[in-house]
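What follows is a short report on a single structure.
The values are calculated or read from the model by the stated rules, or taken from the named source; none is laboratory data. Please read these numbers as outputs of a predicted model, since none were measured by experiment. Don't worry about glycine lacking a Cβ; one is built from the backbone with ideal geometry, like all the others, and counts go over all protein chains shown. Surface accessibility is based on the protein's heavy atoms, side chains included, excluding ligands, DNA and RNA. Shrake-Rupley method; radii C 1.70, N 1.55, O 1.52, S 1.80 Å.
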Amino acid sequence: QVQLVESGGGLVQAGGSLRLSCTASGRTFSSYAMGWFRQAPGKEREFVASITSSGGATTYAGSVKGLFTISRDNTKNTVYLQMNSLKPEDTAVYYCGAQRRTYYIGSLGAEYWGQGTQVTVSS
């Protein structure tokens with residue numbers, strides 16, 4: 001069982017930055033590939049970014065590539081999402097997810113989800 005807790009969301013003006021954190025319970029964090037997803041009002045949850053269990057490789061949705069950076073610190077059981085040049089269309093609840101595998105498979109969602117953190121970007 002893995003429990004995930006996100007933090008770092010908030011209100012930011014367009015063009016600003018935020019860093020989200022997701023901290024996991026348990027001793028096996030390094031066995032899990034991690035992903036970030038988001039869900040805007042009235043829309044389905046969508047994949048944003050993922051990182052392998054070791055942190056050696058990352059994958060991004062086309063809409064955030066070059067703007068967002070996913071990273072992890074396995075000594076702190078934490079995965080991060082640095083979001084730069086934010087746009088109003090980035091407004092959503094952001095969720096982290098965990099899969100017990102080396103590479104994250106975005107189409108599978110997650111075995112474990114966090115509760116989500118709201119990001120609101122004003123124009």
Quick check: residue separation of residue 122 and residue 30 times 0.36 nm, minus the Cα distance between them. What number comes out in nm?
29.5 nm
Starting at the first residue of region 35-50, write each ³J(HN,Hα) from the Karplus equation 6.51 cos²θ - 1.76 cosθ + 1.60 with θ = phi - 60°, in whole Hz, x for Gly and Pro.
x, 10, 10, 9, 9, 8, x, x, 10, 7, 5, 10, 5, 10, 6, 8
How much of the DSSP beta bridge set in the chain is antiparallel, as a percent to the nearest 5?
90 percent
Could you work out which residue, out of 107, 71, 50, moves most in a Gaussian network model of the chain, that is, has the largest mean-square fluctuation with Cα springs under 10 Å?
107
May I ask you to evaluate 6.51 cos²θ - 1.76 cosθ + 1.60, the Karplus curve with θ = phi - 60°, for each residue of region 9-20 and list the ³J(HN,Hα) values in order in whole Hz, giving x for glycine and proline?
x, x, 9, 9, 7, 4, x, x, 10, 9, 10, 8
Pick from 15, 35, 109: which residue has the top mean-square fluctuation in a GNM of the chain where Cα pairs under 10 Å get a spring?
15
The chain: relative contact order from alpha carbon pairs under 8 Å, six or more residues apart, as a whole percent, is 36 percent
Fully extended, how many nm does the chain gain between residue 101 and residue 43 (0.36 nm per residue separation, minus their Cα-Cα distance)?
18.1 nm
For residue 57 and residue 76 in the same chain, what is the full-extension length gain: residue separation times 0.36 nm, less their Cα-Cα distance, in nm?
5.0 nm
For the chain, give the percent of accessible area contributed by carbon and sulfur heavy atoms, probe 1.4 Å, rounded to a whole number.
46 percent
Compute the distance in nm between two label points, each set 7 Å from the Cα along the Cα-to-Cβ direction, one at residue 89 and one at residue 11.
2.4 nm
With a 1.4 Å probe and every protein chain left in place, work out the accessible area per residue of the chain in Å², rounded to a whole number.
51 Å²
Given springs between every Cα pair under 10 Å in a Gaussian network model of the chain, which of 38, 72, 27 has the largest fluctuation?
27
Any lysines whose Cα falls less than 23 Å from that of residue 65, other than same-chain ones fewer than 8 residues away, would be 43, 87
